[in-house]
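Data block below; observations after.
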Amino acid sequence: MLDAAGSRRRPSASLEVVTPPPEPRDPNGRGARQLLGVFRYSGRAVELVWTTSRFLTIALALLTLLGGVLPAATAYVGKLIVDAVVQAADTGLHADRWAALGYVALEGGIVVALAAVQRGLLVCQSLLRALLGQRVNVMILEKALTLDLAHFEDSEFYDKMTRARREASSRPLSLVTRTFGLGQNAISLVAFAGLLLGFSPLAVLVLALAGVPAFVAEARYSGEAFRLFKWRSPETRQQLYLETVLAREDYVKEVKLLGLAPRLLQRYREIFQKLYRADRDLTLRRGLWGYVLGLLSTLAFYAAYAWIVVEAVAGRISLGEMTMYLLVFRQGQAAFSASLSAIGGMYEDNLYLSTLYEFLEQEVLPGPAGAAAGPLPGDGVRFENVTFTYPGAQRRAVDGVTLHLRPGRKLALVGENGSGKTTLIKLLTRLYAPEAGTITLDGLDLQAWDVQALRRRVGVIFQDFVHYQFPVGENIGAGDVEHFEDELRWRQAAGKGMAAPFIEEMKDGYRTQLGRWFQDGRELSIGQWQKIALSRAFMRESADILVLDEPTAAMDAEAEMRVFDHFREITKGQMAILISHRFSTVRMADEIAVLEDGRLVEHGSHEELLRAAGRYAHLFSLQAAGYR
Ligand code: ADP
């Protein structure tokens, strides 16, 4: 029941059910471990890509390999060309001239092949990006479905999910292409080193060592960047929320009228400034060190460069060899900088994947395989001494409630705001488990029921029921997934919920789109929405318990009266639990339970409770006085 931006969340305290976030990385254990950390999730990313599309993965791997080898091949052919040219110029032979031209053609061929490889890589990546983005998003959503309500009310958990969702489509592929790209550059570098060995092993060693500091710095700052990103996640989320409040249709009305916009925008700016300062510091440091350490490698490169020139001038290597080595150097340096930025990005991708897997591997304790029926069919619902405290809350929301509801009976729950009525319903629907006491249906503890079987037996419409931006008929059909698109059933339910008259007046009848997100979407009044919600509840003909949390608060008195006039007839053998502040509704229930601070203080029929002259009688007389 959360909207896209999670705007109804409350920042609840932490929960025991939720596994704690990983410890922040040990700041002293950086270095080698951190460098290796770059590859920590590469395997899993490759696996993810592999299982998404084998064909594309193989194509990507082959093209990467080719892309790694071909540049060295061009360098080598370059050497052959120059040597052939020098020889042809010396001998003036026809054959030597043709040999030189042949090498040129060969190099041209290789370059054409390289272009094809690069284009092929781009194509594979685009296709994989689409497939992988969809796959990861589905994985995240499927996981979200298995989680408890409590998870969604935990801000730390919520952060994880938001972070996992934010970059779901780009990060995994990015990690794979970077891993492959790094592999490609590594192959090129090894091939270059192989060519260079012919010149001097020492040169190879110097060049390799000169690159290390820049690598380490890159890995370190990337790690820092992600920690920053993680640390400020609450602020980012707040910014996201402010954006929602300022720009969404259902908030705009109030935000405008109350003149809140400038103040909220100011807050939005302040958060940005704070984030920006931290960002800027890191970016500056990263840029500076990257430059200084990169310079070190460049110096080493150019020293070796000079060395080669000297050797060529002294005639110890051929002109062709010099050309090749120089090319190797230039390309080697390009491959090296590409590797550096790949490492930087990979670190961030890895950390993203760690969040993703943290989320996906969030432990959900699978309930024991539940039963689909109880030992005492017809026993109805029993609350036995049920107590519950919300995680992190100080007070019990429900405190020692004992109550028995038999099939066919209608129960009204009465009590002030916060007295525990909704919580009782959440416990009945197993959204939460009682910390003490038991709730049974047909004589079987709810915890022992198969949750699907249990939820089929209970139909609930909460006070904050969802206004789906679907056609109006589907908004009713949502009450029973098996008949989600069954127009005949929509009509029957709408009739019972008093929604039929206004739906039939709409242009497209039951197919009328609701909400402003989509073209031609219509908005309904709150009272009309409630009629939709009530109809949604009446869709659940097969449920034997119907729970209506303040279903008619915004309806006009006449509509409400008509709904409840034939309520008993509509709900036949069903148990019904109504939460309402209107005594005109409450009094029709067979029994009334009065809650106060989570405790059941009175229980009986309307007449009995009036006679008892207690809490109920007092509340009733207050409201009745209002009408006189
Ligand atoms: P009612 O439906 O009678 O208005 P609730 O059952 O919603 O009351 O709330 C009972 C108590 O539990 C209140 O004190 C409320 O603040 C608290 N509460 C309700 N929902 C939550 C929640 N998700 N997390 C923590 N406390 C909650």
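Structural remarks
- Considering the range 376-403, the residues that are among the polar types (S, T, N, Q) and within 13 Å of the ligand (Cβ to nearest atom) include one that is farthest from Lys421 (Cα to Cα), namely Gln394.
- Test: residue in the range 444-462 that is within 16 Å of the ligand (Cβ to nearest atom), farther than 16 Å from Asp399 by Cβ, at pLDDT below 85 and polar (S, T, N, Q): no
- Filter result (surrounded by fewer than 18 Cβ atoms within 10 Å (Cβ to Cβ), part of a loop (DSSP other than H, G, I, E, B) and among the charged types (D, E, K, R)) within the range 452-480: Asp464
- Scan of the range 167-224 for residues that are over 30 Å from Ile308 (Cβ atoms) and charged (D, E, K, R), ordered by number: Glu167, Arg171, Arg178, Arg220, Glu224
- Only residues that are surrounded by fewer than 18 Cβ atoms within 10 Å (Cβ to Cβ) and closer than 20 Å to Glu602 by Cβ were counted across the range 404-436, and they come to 6.
- Scanning the range 539-580 for residues being within 16 Å of the ligand (Cβ to nearest atom) and touching a strand residue (DSSP E or B) at 6+ places or on another chain (Cβ under 8 Å) gives a total of 9.
- Near pairs, Cβ below 9 angstrom, 6+ apart or cross-chain, from the range 413-426 (under 16 Å from Arg396 (Cβ atoms)) to any residue that is in a helix (DSSP H, G or I) and near the ligand (Cβ under 6 Å from one of its atoms): Gly415/Lys421
- Residue in the range 27-60 that is modelled with the lowest pLDDT, counting only those that are surrounded by fewer than 17 Cβ atoms within 10 Å (Cβ to Cβ) and among the aliphatic types (A, V, I, L, M): Ala32
- Cβ-Cβ under 6 Å pairs, at least 6 apart or on other chains, the range 602-628 side of a type in the set (Phe, Trp, Tyr), far side outside any helix (DSSP H, G or I) and modelled with pLDDT of 90 or more: Tyr616/Val594; Tyr616/Glu602
- Residue match in the range 134-152 (condition: more than 26 Å from Ser354 (Cβ to Cβ), without any contact (Cβ under 8 Å) to a residue 12 or more places away in the chain and in the same structural domain as Ala338 (by TED's automatic domain parsing)): no
- Of the candidates Tyr276, Tyr325, Tyr302, the single residue that is free of Cβ contacts under 8 Å to residues at least 40 places away in the same chain, of a type outside the set (A, V, I, L, M) and closer than 30 Å to Pro201 by Cα is Tyr302.
- Considering the range 564-625, the qualifying helices (runs of 4 or more DSSP H), each wholly inside and each with 2 or more residues that are of a type outside the set (Phe, Trp, Tyr) and within 47 Å of the chain's Cα centre (by Cα), run over 567-570, 583-586.
- Of all the numbered requirements in (1) surrounded by fewer than 15 Cβ atoms within 10 Å (Cβ to Cβ); (2) under 20 Å from Val460 (Cβ atoms); (3) more than 32 Å from the chain's Cα centre (by Cα), Pro375 misses one, and that requirement is (2).
The values are calculated or read from the model by the stated rules, or taken from the named source; none is laboratory data. Source: prediction; values computed, not measured. Backbone-built Cβ (ideal geometry, glycine too); neighbour counts: all protein chains shown.
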